[in-house]
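Inspection log for the structure reproduced underneath, given as structure tokens.
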Amino acid sequence: MQANRGKDTGPELKLRKLLREAGYSGYRLHWKKAPGRPDIAYPGRRVAIFVNGCFWHRCPHCNPPTPKSNREFWEAKFAANAERDARKNAELVAAGWTVLTVWECQIETAPRATIIQVIEELEC
């Protein structure tokens, strides 16, 4: 698990590239002033974007399998991740931010549709 990154992951880099190509640069990365330190933050628009890995955050779209060995550990790990994600989202919403969650599989399978969805939220 040492090779798993928290910052500058492949899906995050791909989304940032798509945002720059669409003309939406000017974001902050892992901005400490925003509650929950979102992966990408637009402070002026008060939009926070989390880029979630399907395995670690239990994607509802592709439903990744749970490892068969040490099942109790993994279930506790995934439950803690889900609780932390919900807490971060609630903190941001309470502070008046719009929260977007982009899943790894969405970026890989439908990058155009994903970036269109993100841009629509940015323009609101």
Test: residue in the range 51-63 that is closer than 21 Å to Glu121 by Cα, outside any loop (DSSP other than H, G, I, E, B) and in contact with a strand residue (DSSP E or B) (Cβ under 7 Å, 6 or more places away or on another chain): yes
Criterion: loosely packed, with under 10 Cβ neighbours inside 10 Å, of a type in the set (Asp, Glu) and more than 29 Å from Gly26 (Cβ to Cβ) - qualifying residue of Glu72, Glu83: Glu72
Long-range neighbours under 9 Å by Cβ, at least six apart or interchain, first residue free of Cβ contacts under 8 Å to residues at least 24 places away in the same chain within the range 60-87, second in a loop (DSSP other than H, G, I, E, B) and of a type outside the set (D, E, K, R): Phe73/Pro67; Trp74/Thr66; Trp74/Pro67; Glu75/Thr66; Phe78/Thr66; Arg84/Gly36
So Ala90, is it in contact with a strand residue (DSSP E or B) (Cβ under 7 Å, 6 or more places away or on another chain) and surrounded by 13 or more Cβ atoms within 10 Å (Cβ to Cβ): no
Check on Ala48, in contact with a His (Cβ under 8 Å, 6 or more places away or on another chain) and at pLDDT 95 or above: no
Subset tally (residues that are of a type in the set (Phe, Trp, Tyr) and closer than 19 Å to Arg112 by Cα) for the range 10-66: 2
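The values are calculated or read from the model by the stated rules, or taken from the named source; none is laboratory data. Remember, predicted model here, so these are calculated numbers, not experimental data. With ideal geometry, Cβ positions are generated from the backbone for all residues, glycine too; neighbour counts draw on all protein chains shown.
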